[in-house]
Amino acid sequence: MSLLRSEETQLKGVVGVMYSVHEFKDKTNGMGYFENVQVSLAIPVYTAGVHTCCSDVREYALFNLALKIMPAKLVARNRIHCGSHLECQYRLCSFGISRLRINTIENVTSYLGGDNGYCKSTSSMIIEPNANDVLYPANRTSNNPGNHYLRTLVVELWQVYESGSNESKRVIVDGIVDKVHSNGGRFLRNTSTSAVQPSWVESPIEEVRTKIAQMCRNQKRAWKRASSLQKNAIDGTPITGDPRPNDVIFGKAQSTRGKQFLQHLIKERSEEYDALDRGMKATVAVAVVETIKGRGGRFLQPASDSSGLRIGY
């Protein structure tokens, strides 16, 4: 076997993949797993790691139970993935094991590539993108339908993301990734410097998570900018005609009836304001504003271009 004759593989080891998903599911009541373990132990080669893929949650629970009784050094070299073909294949790709390198034979496959630190490797296989893929071209954005779908998900979920803890943020990001996968999409990046002939490979999962988290933060900043512009458009509306008697005009030296009434309300409710907790003080301010508006008053300020007065509230 070329595997055994390869000095690089002997030094770096191999990564085994036990694949029991849907039609490739083990049909020997678990005996297939034991046979595969016996075969791997019989081959004189160092096993750097093992990935076990399954679609049955019972098998997944059993494998996790087995990990708990393994020595720590073996636990670190084993990974268990549960899901559909697409989900399992993507998780394998995030560890540098391209689905194009997996030749399925019944329920067992082996990736024999001399993987050095398989958790850090990335796929070098060229992929042809489809419409549902999220594409990351070099130094520009993509208008692929998969990118539009991702942006829609971020717009829907960014507020939940921003209001959550670090753990819940990670759950939301993983949920977005799963939705893209369920839609038949992958996350691909261009490794070519040529825009005419791009070379697409799958992005590592941590890189994808980082990009999606940044998209949520960018969406928050965009929302703040839009809110600020809208507020300025509303608050800066110029008025026509003379001020009303009950208007409160800021920035004027002379006292008006509206300003006098405002000062009266502040003095009247100052003790109530001071007695309240910080979170409740705003209720007093809102009540004062509503009282002024209930008497037909507005809050005005001189326009910056000296063209008259503008609504300041």
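Structure values in brief
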| item | result |
| --- | --- |
| Residue selected from segment 174-200 under the condition crowded, with 18+ Cβ neighbours inside 10 Å and touching a Ser or Thr at 6+ places or on another chain (Cβ under 9 Å), by the criterion farthest from ASN143 (Cα to Cα) | HIS181 |
| Whichever residue in segment 180-217 is among the small types (Gly, Ala, Ser) and under 20 Å from ILE127 (Cβ atoms) and, among such residues, is modelled with the lowest pLDDT | ALA195 |
| Which listed residue, of LYS252, LYS220, is modelled with pLDDT of 85 or more and under 30 Å from VAL289 (Cα atoms) | LYS220 |
| Considering residues of segment 223-248 that are open to solvent by 50 Å² or more (accessible area, probe 1.4 Å) and part of a loop (DSSP other than H, G, I, E, B) only, the residue modelled with the lowest pLDDT | THR237 |
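The values are calculated or read from the model by the stated rules, or taken from the named source; none is laboratory data. Since we're looking at a predicted model, the values are computed, not measured. Glycine gets a Cβ as well: all are built from the backbone with ideal geometry, and neighbour counts include every protein chain shown. Side chains included, ligands, DNA and RNA excluded: accessible areas come from the protein's heavy atoms. Shrake-Rupley method; radii C 1.70, N 1.55, O 1.52, S 1.80 Å.
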